[in-house]
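As structure tokens, the structure follows; a few thoughts come after it.
The values are calculated or read from the model by the stated rules, or taken from the named source; none is laboratory data. Keep in mind the model is a prediction, meaning the values are calculated, not measured. Cβ sites come from the backbone with ideal geometry, for glycine too, and all protein chains shown count toward neighbours. Just the protein is used for accessible areas: all its heavy atoms, side chains included, with ligands, DNA and RNA removed. Shrake-Rupley method; radii C 1.70, N 1.55, O 1.52, S 1.80 Å.
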Amino acid sequence: MSDWVDVCDLDEVEPEDVIRFDHGDRTFAVYRAEDGTPFATDGLCTHEQVHLADGLVLDGEIECPKHNGRFDFRTGAALRSPACDALATYPARIRDGRIEIEI
Amino acid sequence: MTATADPHIRDYALDGAGADRARALGLANADWYRTEVPRKVLKELIQRRDGPALRDTALWFALLVATAAGGIALWGSWWALPFWLAYGVLYGSVCDSRWHECGHGTAFKTQWMNDVVYQIASFMVVRNPVTWRWSHARHHTDTIIVGRDPEIACKRPPDLLRLVANAAGLFDMVESMRALVLNATGRLSPAEKDFIPESQWAKAIAVARIHIAIYAATIVAAVGLQSWIPVLLIGGPRLYGCWHMLMTGLIQHCGLAEDVTDHRLNSRTVYMNPVSRWIYWNMNYHVEHHMFPMVPFHALPRLHEVLKPDLPPANSSILDAYREAIPALLRQSREPDYYVRKPLPATATPYKEEVAHV
Ligand code: FES
């Protein structure tokens, strides 16, 4: 069963930025694209398990802070080595000025 | 293989006792110290631009063409020498920093530009672009961790003869060529197999074949033309022009700590003259680069100012760095456990040393 989980106020994530969101024993990266649309992926890079929320958001991509591997945070696809395996993605939406993700 | 806790025995092989020891001590893929930098400041520093790298790359290629043209036009006269010396450094040393920054994908904002310059620079520096992308990722994960980092230049006890000979790129070039030939014959070394995922092996072999084919064509051209010029243009500069790359590269980590998880203890930031900084693309801010590899070369001086209160004082010049590193290396040949430990300013967070620091 998946659930919509409340993450934060919309303005806690700037457009073209990312935050870390811990829920239970899981960690997620929650993004806003340049136009403000929210997205969510697993929080750890598939290469060496580094938190992606310390990375750079640019043109729909997240660059990992450790070795500059890149993912498309809308699809999870790995775009640049050493990131080779895709990230899991989760639906995200805005409700009453807050971001929610479905996990 | 059994892990050894004896710090005097250093096995740098990636498949040897040093690797077992690193894993047993929690030094493999460890959590590293990072200076706290507000997200807002960091976000501004990691922004990408095409402008600085485009300008420097255009200048680089223009200078390569101009110096090569001068060397060829004046061939047979002593006036050709300064042109070849300059061409050598532009080819054999500048390629290293361009390889490095474009490998990180930070030099240009536009990724294909990073990829194109990375491929060209990898060829010039005689590094398999596939192998070295993974080798360098490991260098960042496990910087100067014995048995884990494939890029440790100054192993202990130091081989001083080898370090001096390498000023002319001798061992380095021979080893790089040997690795390329091995790959071109369809094989990878055990170390390469350790850090390159199997999915990339075929790519590493294919690209090695292309590089070897270009070198073979260069030699055929030299023999056919009965001239040294093809070799001086392609491949040769990696020998006669790599001195600047080695001069700046050796002071990145030599004489400093091994097996630590704080880059302030194992990396060196050195103030340099503007020409060396252009050749080296600001990698003299080496502690900063290791702590925040997402910051592009053109923003490293600004990152340095942000981190300064938390870093040991930078060396004031290349000479100053060697004044520190050479005595340390000489001492390490007698006492391999010795390393230079710099005092931190009062404003800094103490060194992270929950793990071995020998
Ligand atoms: S940990 Fe993310 S690219 Fe290596």
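Tabulated data for the structure shown
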| item | result |
| --- | --- |
| Search result, residues across region A:31-65 that are more than 19 Å from residue A:85 (Cα to Cα) and β-branched (Val, Ile, Thr) | A:37 |
| Flag for residue A:48 being of a type in the set (Asp, Glu), within 20 Å of residue B:43 (Cα to Cα), within 11 Å of another protein chain (Cβ to nearest Cβ) and touching a helix residue (DSSP H, G or I) at 6+ places or on another chain (Cβ under 9 Å) | no |
| Number of positions in region A:52-93 that are within 14 Å of the ligand (Cβ to nearest atom) and open to solvent by 50 Å² or more (accessible area, probe 1.4 Å) | 5 |
| Which numbered condition residue A:41 fails, given (1) more than 24 Å from residue B:108 (Cα to Cα); (2) more than 12 Å from the ligand (Cβ to nearest atom); (3) part of a loop (DSSP other than H, G, I, E, B) | (3) |
| Odd one out for residue B:97, checked against (1) under 22 Å from residue B:177 (Cβ atoms); (2) within 16 Å of the ligand (Cβ to nearest atom); (3) polar (S, T, N, Q) | (2) |
| Options A:35, A:42: the member that is modelled with pLDDT of 95 or more and either within 14 Å of chain B (Cβ to nearest Cβ) or open to solvent by 20 Å² or more (accessible area, probe 1.4 Å) (or both) | A:42 |
| Conditions (1) within 14 Å of chain A (Cβ to nearest Cβ); (2) under 23 Å from the mean Cα position of the chain (by Cα); (3) open to solvent by less than 60 Å² (accessible area, probe 1.4 Å); (4) at pLDDT below 95; number of the one not met by residue B:22 | (1) |
| Candidates B:315, B:266, B:282 - the one that is on the phi > 0 side of the Ramachandran plot and open to solvent by less than 40 Å² (accessible area, probe 1.4 Å) | B:282 |
| Enumeration of residues in region A:55-84 that are facing another protein chain (nearest Cβ under 8 Å) and of a type outside the set (A, V, I, L, M) | A:55, A:63, A:65, A:66, A:67, A:68, A:70, A:80, A:81, A:82, A:84 |
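The rows are residues; the columns are (1) away from chain A (no Cβ under 11 Å); (2) not hydroxyl-bearing (Ser, Thr, Tyr).
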| residue | (1), (2) |
| --- | --- |
| B:73 | yes, yes |
| B:83 | yes, yes |
| B:87 | yes, no |
| B:90 | yes, yes |
| B:99 | yes, yes |
| B:108 | yes, yes |
| B:116 | yes, yes |
| B:129 | no, yes |
